[in-house]
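The values are calculated or read from the model by the stated rules, or taken from the named source; none is laboratory data. Source: prediction; values computed, not measured. Counting neighbours? That spans all protein chains shown, and the Cβs are built from the backbone with ideal geometry, glycine included.
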Amino acid sequence: MARDLERYLRPNVKSTPFCPGCGHGILMNQVLRAMDELKLPMEKMLFVSGIGCAAWIPSPHFNADTLHTLHGRSIAFATGAKMFNPGLKVVVISGDGDLTSIGGNHLIHAARRDIEMTVICANNMIYGMTGGQVASTTPVGALSATTTEGSLYRPFDLCKLVQGAGGTFVARYSVTQPVSLKDAIKKALTMKHFTFIDVLSPCPTQYGRRNRYDSPAAMLKTLMESCITVDEGERLGPEGLEGKIVTGEFSHGRA
Amino acid sequence: MALREIDSLLPPGSYYFSGNEAATEGALAAGCRYYAGYPITPSSEIMERIAVRLKEVSGVFMQMEDEIASICSVIGAAWAGAKAMTATSGPGFSLMQEAIGYGAFTETPLVIVDVQRAGPGTGQATRVGSGDHMQAKWGSHGDYQVIELSPWSVQEMYDLTIDAFNLAEQYRVPVFVMGEEAVGHLRERMDVKPRLSIFDRVKKKGAPPFGTPEDDGVPPMPSFGEGEKLLVTGSTHDEFGIRKTDDPVAHEKLVSRINKKILNRREQIIRTEAYHLEDATCVVVAYGFTARSALYAVNKLREEGGRAGLVRLKTIWPFPDTVFQELGNKVGKIFVPEMNMGQVAGEIMKYAECDVLSYVQTNGEIIDPHTIIEKLRGLL
């Protein structure tokens, strides 16, 4: 966390609960930096989150109104708050299990309705807080506490899912692309629509140690090397995408 | 006290409403300006009417993707400042239970109208039942309190829905109006008075929103967007909302207060009605639609000289325990007809010293007054 952003943090909350090497700190930093550059007042912000490590990014750290909800239901809570008080700038920050597995129905319906909110999915491809169980985003073959011989099922492509549901601004970036990530958050925050960003954030504790990453740094390095742009993805074609993660904007949204 | 008198939203006078329509109008009169719901028989008429009526009062209506989303968005709207409600029936009420616990623990005022149908499971969707009272009290995990009201008429679908909003705001607690299909779909005359009292949320800038100096207090409740930088969480929290997930003192303090704030105010919350109790030897205890049959039966028996009485429960939770401690010492027998397997009779047995006889009927039909007359004749 950069010192100049400390003013956005709740006084007396001095440390984050995240493990060493967790990507969520970078994401937290980039959300606040995007807000800082847009000069968004914290008084107008409402941060909503569900259950899991990522849900602790805004709550209690951000010095704004925060609503830490039930597992999976953050978008439904956010919908009620936004619809009743449209003056609130609503940002949902939660994890992949929370937003896309238990909460998947709320995600697609909020996208379909085009409710004005920004949903940031901190995607670590695992259930981190509960001990590293397989998620709907875990790659095929990856080891987890409940897939000790490798995950059998295809993971969601969250951007395609939200696009299919009608999301107007849909993007994916990794915490290893902090500048692009911040710019995408800025774009999303200025749109009066449902905006979604899938943010790849490594979990060395639960995912890395089970999947042969020697260190958090090694995990970050692999993630960085796996990320390719939309253009590169198109050049490689479907067969060339093995082991790659396509990042960029998939739907460009509208003001 | 933040009770204040306002003009009725509907022009005063008589109306020929269904119970579901009456509940809708009661909600609007009390200040409900956010409704989220999902279609379910036999409560859907509430959602259909309020979808239209909220537009006329600049309120917000959302038909959500399921009942879970409905109740969660109601809680979100409540924290954004709304008096908010949803309506449902058994299966939907089941889906809402986790969020009801969240609402109780975060001390969120909200109202649910449950138009009960014959359960369990999908049961008989169009038939009457009254089997959700234990679920209303115990449906979510952990220890918490709610308030349950039991209307017996179209008039009370209106009146008790107003009361439900006032109680929810006053005590910062989920309040349930537990109608039954029979009253939801019944049409009868009801009156709208020119004035009504409504309770507005207590606000106090900078005050802790989740704690009070008293161990049974109700804290003031700010809304999002007021600059309070609220921390609302369903995890155990201190008086300012900071998570305290491994602090035994914080947990005990919070759980104890959200229970005590209701239980210590039972006298103010609980309402019952008594008929012919003076010299009664056998007293019928009934609530909801069954109380109509019970009153008819008791009146008939009185005409014959039978010393029968009736206690009608308008409040089911918190349970009127002292009413039954006293009644149990005064009368020989308590007879409890219910459209479930004896959910309230079991509670009465905990407190009444006398014989408590449960009569259960779960066939999807209302209890015939003549059945009650026949049973009472055997007891008098």
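When the residues of segment A:54-77 are narrowed to those that are in contact with a Ser or Thr (Cβ under 9 Å, 6 or more places away or on another chain) and among the hydrophobic types (A, V, I, L, M, F, W, C), which ends up surrounded by the fewest Cβ atoms within 10 Å (Cβ to Cβ)?
Ranking the candidates gives A:Trp56 first.
Tally the residues that are within 25 Å of A:Ile57 (Cβ to Cβ) and more than 25 Å from the chain's Cα centre (by Cα), restricting the search to segment B:209-234.
Our first condition is that a residue be within 25 Å of A:Ile57 (Cβ to Cβ); within segment B:209-234, this holds for B:209-210, B:222-234.
Still in the list and also more than 25 Å from the chain's Cα centre (by Cα): B:224-231.
Going through segment B:209-234 one residue at a time, the tally reaches 8.
Please go through segment B:349-375 and give me each residue that is more than 23 Å from B:Val128 (Cα to Cα) and in contact (Cβ under 8 Å) with a residue 12 or more places away in the chain, ordered by number. Full working, then the answer.
Initially, segment B:349-375 is screened for residues more than 23 Å from B:Val128 (Cα to Cα), giving B:349-356.
Matches in segment B:349-375: B:Lys350, B:Tyr351, B:Ala352, B:Glu353, B:Cys354, B:Asp355, B:Val356.
When segment B:131-171 is examined, which residues are found to be hydroxyl-bearing (Ser, Thr, Tyr) and either surrounded by fewer than 24 Cβ atoms within 10 Å (Cβ to Cβ) or touching a Lys or Arg at 6+ places or on another chain (Cβ under 7 Å) (or both)?
Filtering segment B:131-171 down to residues hydroxyl-bearing (Ser, Thr, Tyr) leaves B:140, B:144, B:150, B:153, B:158, B:161, B:171.
Answer for segment B:131-171, where residues must be hydroxyl-bearing (Ser, Thr, Tyr) and either surrounded by fewer than 24 Cβ atoms within 10 Å (Cβ to Cβ) or touching a Lys or Arg at 6+ places or on another chain (Cβ under 7 Å) (or both): B:Ser140, B:Tyr144, B:Ser150, B:Ser153, B:Tyr171.
Which of (1) crowded, with 24+ Cβ neighbours inside 10 Å; (2) more than 16 Å from B:Ala69 (Cα to Cα) is the odd one out, the single condition A:His106 does not satisfy?
For A:His106, the failing item is (2).
Among the residues of segment A:45-67, which ones are farther than 16 Å from B:His237 by Cβ, at the interface with chain B (Cβ under 7 Å from one of its Cβ atoms) and assigned to a loop (DSSP other than H, G, I, E, B)?
A:Asn63, A:Ala64
Can you work out which of the residues in segment B:334-344 that are of a type outside the set (Val, Ile, Thr) and under 19 Å from B:Tyr296 (Cα atoms) is surrounded by the most Cβ atoms within 10 Å (Cβ to Cβ)?
Of the residues in segment B:334-344, the ones of a type outside the set (Val, Ile, Thr) are B:335, B:337-343.
With the extra rule that they be under 19 Å from B:Tyr296 (Cα atoms), the set shrinks to B:335, B:337-339.
Details: B:Phe335: 26, B:Pro337: 28, B:Glu338: 24, B:Met339: 26.
It comes out as B:Pro337.
Please note which helices (runs of 4 or more DSSP H) are completely contained in segment A:138-255 and include at least 2 residues that are surrounded by 15 or more Cβ atoms within 10 Å (Cβ to Cβ) and free of Cβ contacts under 8 Å to residues at least 24 places away in the same chain.
On the way: elements: A:158-164, A:178-190, A:216-226, A:230-236.
Hits in segment A:138-255: A:216-226, A:230-236.
So, A:His71, is that one facing chain B (nearest Cβ under 9 Å) and either under 17 Å from the mean Cα position of the chain (by Cα) or assigned to a loop (DSSP other than H, G, I, E, B) (or both) or not? Write out each step before concluding.
Working: facing chain B (nearest Cβ under 9 Å): yes; either under 17 Å from the mean Cα position of the chain (by Cα) or assigned to a loop (DSSP other than H, G, I, E, B) (or both): yes.
The answer is yes for A:His71.
What strands (runs of 3 or more DSSP E), lying completely within segment B:1-101, carry at least 3 residues that are touching a residue at least 24 places away in the same chain (Cβ under 8 Å) and more than 23 Å from B:Val146 (Cβ to Cβ)? Step through it out loud before you land on a result.
Numbers: elements: B:3-7, B:13-18, B:32-37, B:60-63, B:83-88.
Correct list: B:3-7, B:13-18, B:60-63.
Is it true that some residue in segment A:92-102 is more than 23 Å from B:Phe61 (Cβ to Cβ), small (Gly, Ala, Ser) and assigned to a helix (DSSP H, G or I)?
Here is the first cut: in segment A:92-102, the residues more than 23 Å from B:Phe61 (Cβ to Cβ) are A:93-102.
With small (Gly, Ala, Ser) added as a condition, the list becomes A:94-95, A:97, A:101.
Now restrict to residues that are assigned to a helix (DSSP H, G or I): A:97, A:101.
Within segment A:92-102, one or more residues are more than 23 Å from B:Phe61 (Cβ to Cβ), small (Gly, Ala, Ser) and assigned to a helix (DSSP H, G or I).
Could we say that B:Thr161 is at pLDDT 95 or above and either within 19 Å of B:Thr362 (Cβ to Cβ) or more than 14 Å from the chain's Cα centre (by Cα) (or both) here?
Details: at pLDDT 95 or above: yes; either within 19 Å of B:Thr362 (Cβ to Cβ) or more than 14 Å from the chain's Cα centre (by Cα) (or both): no.
So B:Thr161 does not fit the description; no.
Of the conditions (1) within 14 Å of chain B (Cβ to nearest Cβ); (2) free of Cβ contacts under 8 Å to residues at least 24 places away in the same chain; (3) not aliphatic (A, V, I, L, M), A:Lys39 fails just one. Which one is it?
Going through (1) within 14 Å of chain B (Cβ to nearest Cβ); (2) free of Cβ contacts under 8 Å to residues at least 24 places away in the same chain; (3) not aliphatic (A, V, I, L, M) one by one, A:Lys39 breaks only (1).
Which residues, counting only those in segment B:27-58, are under 27 Å from B:Phe105 (Cβ atoms), more than 9 Å from chain A (Cβ to nearest Cβ) and either of a type outside the set (A, V, I, L, M) or surrounded by fewer than 19 Cβ atoms within 10 Å (Cβ to Cβ) (or both)?
Within segment B:27-58, B:Gly31, B:Cys32, B:Tyr35, B:Gly37, B:Tyr38, B:Ser43 meet the criteria.
Of all residues in segment B:309-326, how many are within 11 Å of the chain's Cα centre (by Cα), of a type in the set (Val, Ile, Thr) and more than 11 Å from B:Thr272 (Cα to Cα)?
Looking only at that region, the number is 0.
Return a yes/no flag: does segment A:129-139 have any residue that is over 16 Å from A:Gln206 (Cα atoms) and more than 7 Å from chain B (Cβ to nearest Cβ). Talk me through it step by step, then tell me what you get.
So the first thing to find is which residues in segment A:129-139 are over 16 Å from A:Gln206 (Cα atoms), and the list is none.
No, that holds for no residue.
Among the residues of segment B:83-96, is any within 14 Å of chain A (Cβ to nearest Cβ) and hydroxyl-bearing (Ser, Thr, Tyr)?
There is at least one residue in segment B:83-96 that is within 14 Å of chain A (Cβ to nearest Cβ) and hydroxyl-bearing (Ser, Thr, Tyr).
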